[in-house]
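Here the structure comes first, spelled out in structure tokens, and everything after it is commentary.
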Amino acid sequence: MVRTVLGSARRSPCDPSGQPARLYASGISLHVPNLVTGQPAHGVPAPPERRASLRTWRAVAQDRTNEAGRLDGLLPPATRPQSDAYRLPFDVATYFRSQSVPSFHPEVVITFTARETDRHCHIPLLLGLLGYTAYRGS
């Protein structure tokens with residue numbers, strides 16, 4: 001399957017379910033695997049925000065991770081990220097509560113600056129019960 005990323009076409013990997021990933025038109029995407037179960041963390045509330053001023057943030061969208069543990073449409077289709085700061089607050093307490101498991105971290109917030117606005121920005125959040133790791137993926 002081919003995905004469109006910022007106006008260019010790229011081969012898309014398969015998602016964890018083994019199904020081909022869908023077309024990505026947003027310049028920012030996320031993936032949240034649950035490291036405890038080895039499954040995608042679906043249903044994690046994660047409303048992305050963009051810096052409005054030095055101390056305030058403006059919601060860009062309201063969304064949850066899908067069945068594949070992904071958030072693909074953080075920006076409107078075919079929209080490039082602005083050279084600006086973004087914040088991704090993940091409500092992991094709600095997610096773990098839905099799994100009937102207590103969470104040590106009630107929220108994980110990833111703040112980053114989009115500098116390369118002509119490239120797709122993919123951010124995996126590896127989620128565990130007592131910790132997490134986030135990085136810029138490819």
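Listed values, structure above:
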item: Pairs where the first residue, in segment 43-68, is free of Cβ contacts under 8 Å to residues at least 40 places away in the same chain and the second is of a type in the set (S, T, Y), C-beta under 6 Å, 6+ apart; result: R50/Y86
item: Only one of S103, S98 that is at pLDDT below 90 and either over 12 Å from I28 (Cβ atoms) or under 12 Å from the mean Cα position of the chain (by Cα) (or both); result: S103
item: Single match in R50, R58, R22, R80 (criterion: charged (D, E, K, R) and either at pLDDT 90 or above or exposed (fewer than 12 other Cβ atoms within 10 Å of the Cβ) (or both)); result: R58
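The values are calculated or read from the model by the stated rules, or taken from the named source; none is laboratory data. The shown structure was predicted, so the numbers you read here are calculated from the model rather than taken from an experiment. Cβ atoms come from the backbone with ideal geometry, glycine included; neighbour counts cover every protein chain shown.
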